[in-house]
Amino acid sequence: MKPLPDGGTIGVGAFASSYDMRSEVERGVEWWEGKGYRVKLAPGVYARDDYVAGDAESRADDLHALFADPEVDVVQTLQGGFGSSEMIPHLDFDLIAQNPKPFVGYSDITSLHVPIRQRAGFPTFYGYGLVGMGAKETTAFSRKRLLDVLRGNVLGEV
């Protein structure tokens, strides 16, 4: 798995809960762009199906598209929440394994970290989703540490 290059692309999908306010998504995009990166939002990032971001199969399709996209260097979740485990029966772990790249998310997204590690065979990163990167309460340390790790600097403060 390659580290995030300068000017690389962060692919973002909503694999659990949907967003609360569009401005939360925009702040996360602005944070990455302010650091010199591109952000590519999956087609279903603004989808809503009750309390989740679209139906499970569509969310799985977005995950597959981000892993398969050669322009995407890191796959980051929109946020945690509920519903990611519903995607598991729809996931193509062979496709994911053939396109290893850092996968970042937290909370309910843990239900994706475990099978990706077990079935695709590469590590994932428990960390903020896009909404968290732009959130006012997220510390500079947390943002910097995630960026350092994605860039390959895995040693440092915890």
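Some observations on this one:
- Interchain or long-range residues, amide H under 5 Å from Q76's placed H: G11, V12, G13, V104
- Around V131: net Lys/Arg minus Asp/Glu count, Cβ-Cβ under 14 Å: -2
- From most to least packed by mean Cβ count within 10 Å, the peptides 95-105, 77-87 give 77-87, 95-105.
- Å² per residue, accessible surface of the chain at 1.4 Å: 48 Å²
- The trypsin sites (Lys or Arg not before Pro) of region 93-158 that DSSP puts in a loop, and whose beta carbon has at most 11 other beta carbons within 10 Å, are K136.
- Here the accessible area is traced with a 1.4 Å probe on the protein chains. For region 44-158, carbon and sulfur cover 53 percent of it.
- Fraction of alpha-carbon pairs over 23 Å apart in the chain - percent: 29 percent
- Once the Cα gyration tensor of region 1-78 is diagonalised, semi-axes √(5λ) in Å: 22, 16, 7
The values are calculated or read from the model by the stated rules, or taken from the named source; none is laboratory data. Because the structure is a prediction, the values reported are computed rather than measured. Positions of Cβ are backbone-derived with ideal geometry, glycine not excepted, and every protein chain shown enters the neighbour counts. Surface accessibility is based on the protein's heavy atoms, side chains included, excluding ligands, DNA and RNA. Shrake-Rupley method; radii C 1.70, N 1.55, O 1.52, S 1.80 Å.
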